[in-house]
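The structure under discussion appears below in the form of structure tokens.
The values are calculated or read from the model by the stated rules, or taken from the named source; none is laboratory data. Everything numeric here is computed off the predicted structure, so don't read it as measured data. Here the Cβ is made from the backbone with ideal geometry for all residues, glycine too, and neighbour counts use every protein chain on show. Surface accessibility is based on the protein's heavy atoms, side chains included, excluding ligands, DNA and RNA. Shrake-Rupley method; radii C 1.70, N 1.55, O 1.52, S 1.80 Å.
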Amino acid sequence: MDPLPKLNSEQQKCVESIEGPLLVLAGAGAGKTKVIADRIRNIIRHGVAPESILAITFTNKAAAEMRSRIAASFARDQGSGPFVSTFHSLGLTLIKENAKLLGYKRTPAIYDRADSLREMKAALKSAGAEDIEPRTALAVASRNKGEGIGAGEYAEGAVSWRDKQIAQAWLKYESALRADTAMDFDDLLLRAVQLLEKFPDVRERCQKRWSYIHVDEYQDTNLIQARLAELLVGPEKNICVVGDIDQTIYGWRGAQIENMLQFEKKYGGVMITLEQNYRSTKTILTAANQVISNNTNRPEKNLFTNNADGEAISLYIAGDGGDEATFVARKIQELLDDGRAPQDFAVLYRANFQSRAIEEKLLNASIPYQVLGTRFFERKEVKDVLSFVRAAVSENSADIGRVIDTLPGIGKVTKLKILAGQEAALTGKTRERVASMRRLLATIQTNAATAAPSKLLRMVVTESGIEQALKEDKSEGAERLENLAELVSLAARYDVLPQPEGLEKFLESAALASDQDELKEHKNQVRLMTVHAAKGLEFPCVFIIGLEEGLFPYEREDDTKDSLEEERRLMYVALTRAKQKLYLSYAMMRTIFGNTDVRSSSLFLQEISGDLLQAESPERLGKTIYLD
């Protein structure tokens, strides 16, 4: 086995502290992924079976990177290797292995966001609460599930009329999922925790199975995720968590900073702080430190780097949003002409609506770009093909309903008859189409047991009629066919596995995909994304736009000191995505929701000392500030 790579002194301490609890406070760009991977390698060096090690991350992308870093750490005859998984994938694994204990006859289907919204909408209608938005009701359910509270417990504590309506709808929603042998994303964590709490023998078996546990991005865990990790920790307390309180940016979806702050009290053990940054220039890092030092709810930590000072941070004051977008496009073009590649750039913003103006200017300049946020697996044509496969192998009503929607001439009434098992009452062409659909699903089910996933998907694309329909669509058909070609290519990664395991793994991967999984690293494109989506990524050149009061920091009706501190942490994350060059901008006027108003610069800009900033003047770009 190759020797451990060179580490700094604090990283070395982390790698060598392999017994008992360990809390690693890792600053941005401090090499935390490297430390986790090298620590796992070191544990294996000490004779621990690789399959006894569990590493939990938050995204498939992070899990894949972790696997690749530790893949060379064990010989093939040592076993299957460490179990590297996202929280949701881990929950699904536990549920699949113990489905009958949870009252399921088979592995539950996983509802995506669209499926959940559809089911909650129906539940609200049934509960006579159609005035409540399905997204609102789902958000309430999700937040409570993240705190370990189920529908029944929430209903018992409901006081207001609105809460009682949501509770009634939520109970109906849960009944519908159970009837369909399905779970939503939040159930994957909640049910896994309930399983481990209710069945001590399962818990003990898991603790023996994974005697060393690692949790990445621990600052982003909510109550239920922290509880899941806790239940898996055996009596030796061999748990290592790595995180950065200064990058806690998901409070709005239940992440609890207290999980990091109270780790030592709960587990004891050692705390090690990683403060050396390997990513950014001294100038960028100084600005980030200046901003985050204004937060009070944080352990003392000051990032430093041995990298060069680097260029000053550019600041552009735009006349309006259009002017700001023009600046971004022109500056990128200028740097492309100097030899930069499109993939060197990321444009970060606080709210999704800000991407439109940037997209327009990049499009006009013929600069290739990619917007993160529209998930590949949520595109209609992709969901349609996957629904044919899932409907064939698991027969849940959500996928069968989507398959029915692809058939021409099938209305809502007919669809309801089919879902209710009344196909015998159908006549004529409708009956023929439904019978043809059933024959295709039977064929898919038969082939799924032996065919490679990519071959199976190619068959579905052709035999379902989706390919022909897209060929006849002269507006978006070609692009959608390209998406299906990409889907088949993704499925081909699982062709090497034995079947039907390969298909099962592929479908799980599709169901649990996140925004960052859409990042096409092989594509030479400028990346546009929210700051939330950028967490964990890095780019040579970064633009942070819209640095105005009310936009970044984002203004809420219930603003508190805590919410301002989370916004400041978000700014810290944005700043530390840049490796070499940073561009900041704000507009003196901006149109939002049809209203144009005068803007003031962000508080966060005022927290960066002027000697780090260099003004970008409009004249340097051969233009003047203009107002629409």
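Checked against the criterion of being open to solvent by 40 Å² or more (accessible area, probe 1.4 Å), among the aromatic types (Phe, Trp, Tyr) and under 21 Å from residue 220 (Cβ atoms), the candidates 58, 87 yield just one match: 58. Residues that are open to solvent by 20 Å² or more (accessible area, probe 1.4 Å) and either over 17 Å from residue 382 (Cα atoms) or not polar (S, T, N, Q) (or both) within the stretch 497-510 comprise 497, 498, 499, 500, 501, 504, 505, 507, 508, listed in sequence order. Selection over the stretch 92-145 of residues that are exposed (fewer than 14 other Cβ atoms within 10 Å of the Cβ) and not in a helix (DSSP H, G or I) gives a count of 7.
Out of 44, 40, which single residue is among the β-branched types (Val, Ile, Thr), open to solvent by less than 30 Å² (accessible area, probe 1.4 Å) and under 27 Å from the mean Cα position of the chain (by Cα)? Result: 40 is the single residue among 44, 40 that is among the β-branched types (Val, Ile, Thr), open to solvent by less than 30 Å² (accessible area, probe 1.4 Å) and under 27 Å from the mean Cα position of the chain (by Cα). Here residue 419 meets each of (1) surrounded by fewer than 12 Cβ atoms within 10 Å (Cβ to Cβ); (2) among the hydrophobic types (A, V, I, L, M, F, W, C); (3) free of Cβ contacts under 8 Å to residues at least 24 places away in the same chain with one exception, condition (1). Quick check on the stretch 221-246: of everything there that is touching a strand residue (DSSP E or B) at 6+ places or on another chain (Cβ under 9 Å) and of a type in the set (S, T, N, Q), which residue is farthest from residue 190 (Cα to Cα)? Only one residue fits best here, namely 238.
On inspection, residue 192 passes the criterion of being of a type in the set (Gly, Ala, Ser), in a helix (DSSP H, G or I), closer than 25 Å to residue 225 by Cβ and open to solvent by less than 10 Å² (accessible area, probe 1.4 Å). Candidates in the stretch 477-496 are the residues that are in contact with an Asp or Glu (Cβ under 9 Å, 6 or more places away or on another chain) and open to solvent by 30 Å² or more (accessible area, probe 1.4 Å); of these, the one that is nearest to residue 376 (Cα to Cα) is 480. Of the residues making up the stretch 566-580, just one is assigned to a helix (DSSP H, G or I) and open to solvent by 20 Å² or more (accessible area, probe 1.4 Å), namely 566.
So, in the stretch 155-165, exactly how many residues are surrounded by fewer than 19 Cβ atoms within 10 Å (Cβ to Cβ) and assigned to a helix (DSSP H, G or I)? Counting residues in the stretch 155-165 that are surrounded by fewer than 19 Cβ atoms within 10 Å (Cβ to Cβ) and assigned to a helix (DSSP H, G or I) gives 7. Would you say residue 89 is touching a Leu at 6+ places or on another chain (Cβ under 7 Å) and small (Gly, Ala, Ser)? Answer is yes for this residue. Take residue 151 and decide whether it is open to solvent by less than 20 Å² (accessible area, probe 1.4 Å) and touching a residue at least 24 places away in the same chain (Cβ under 8 Å). When the stated conditions are applied, residue 151 does not pass them. Number of residues in the stretch 481-505 that are hydrophobic (A, V, I, L, M, F, W, C) and over 12 Å from residue 453 (Cβ atoms): the value is 3. Which of the residues spanning the stretch 224-277 are open to solvent by 30 Å² or more (accessible area, probe 1.4 Å) and within 22 Å of residue 37 (Cβ to Cβ)? 236, 237, 269, 270, 271, 273, 275, 276 - these are the residues of the stretch 224-277 that are open to solvent by 30 Å² or more (accessible area, probe 1.4 Å) and within 22 Å of residue 37 (Cβ to Cβ).
As for the stretch 293-300, it holds at least one residue that is among the charged types (D, E, K, R), in contact with a helix residue (DSSP H, G or I) (Cβ under 6 Å, 6 or more places away or on another chain) and open to solvent by 10 Å² or more (accessible area, probe 1.4 Å). Has the stretch 184-198 got at least one residue that is farther than 27 Å from residue 141 by Cβ and either modelled with pLDDT of 95 or more or among the aliphatic types (A, V, I, L, M) (or both)? Looking through the stretch 184-198, none of the residues is farther than 27 Å from residue 141 by Cβ and either modelled with pLDDT of 95 or more or among the aliphatic types (A, V, I, L, M) (or both).
Among the helices (runs of 4 or more DSSP H) confined to the stretch 208-299, the ones with at least 1 residues that are modelled with pLDDT under 90 are located at 258-261. Only helices (runs of 4 or more DSSP H) whose full extent lies in the stretch 317-413 are considered here, and the ones with at least 2 residues that are open to solvent by 40 Å² or more (accessible area, probe 1.4 Å) and among the basic types (Lys, Arg) are 355-364, 380-393.
For (1) charged (D, E, K, R); (2) open to solvent by 10 Å² or more (accessible area, probe 1.4 Å); (3) in contact with a helix residue (DSSP H, G or I) (Cβ under 9 Å, 6 or more places away or on another chain); (4) in a loop (DSSP other than H, G, I, E, B), each residue gets a yes or a no:
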{"residue": "523", "(1), (2), (3), (4)": "yes, yes, yes, yes"}
{"residue": "529", "(1), (2), (3), (4)": "no, no, yes, no"}
{"residue": "532", "(1), (2), (3), (4)": "no, yes, yes, no"}
{"residue": "541", "(1), (2), (3), (4)": "no, no, yes, no"}
{"residue": "556", "(1), (2), (3), (4)": "yes, yes, yes, yes"}
{"residue": "564", "(1), (2), (3), (4)": "no, yes, yes, no"}
{"residue": "582", "(1), (2), (3), (4)": "no, no, yes, no"}
{"residue": "590", "(1), (2), (3), (4)": "yes, yes, yes, no"}
{"residue": "604", "(1), (2), (3), (4)": "no, no, yes, no"}
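I need the full set of residues from the stretch 166-189 which are part of a helix (DSSP H, G or I) and open to solvent by 20 Å² or more (accessible area, probe 1.4 Å), in order please. The answer is 168, 171, 172, 174, 175, 176, 178, 179, 185, 186. When the stretch 467-495 is filtered for residues that are among the hydrophobic types (A, V, I, L, M, F, W, C) and at pLDDT 90 or above, nothing remains. Looking at the stretch 202-220, is at least one residue in contact (Cβ under 8 Å) with a residue 24 or more places away in the chain, under 17 Å from residue 90 (Cα atoms) and open to solvent by 60 Å² or more (accessible area, probe 1.4 Å)? The answer is yes, given that some residue of the stretch 202-220 is in contact (Cβ under 8 Å) with a residue 24 or more places away in the chain, under 17 Å from residue 90 (Cα atoms) and open to solvent by 60 Å² or more (accessible area, probe 1.4 Å).
Among the residues of the stretch 174-230, those identified as under 24 Å from the mean Cα position of the chain (by Cα) and of a type in the set (Ser, Thr, Tyr) are 218, 221. The residues of the stretch 357-375 that are more than 24 Å from residue 572 (Cβ to Cβ), over 22 Å from the mean Cα position of the chain (by Cα) and not small (Gly, Ala, Ser), listed by number, are 359, 360, 361, 362, 363, 364, 367, 368. Quick one: residue 611 ticks every box in (1) open to solvent by 70 Å² or more (accessible area, probe 1.4 Å); (2) part of a helix (DSSP H, G or I); (3) modelled with pLDDT under 90 bar one, so which box is it? Of the numbered conditions (1) open to solvent by 70 Å² or more (accessible area, probe 1.4 Å); (2) part of a helix (DSSP H, G or I); (3) modelled with pLDDT under 90, the odd one out for residue 611 is (3).
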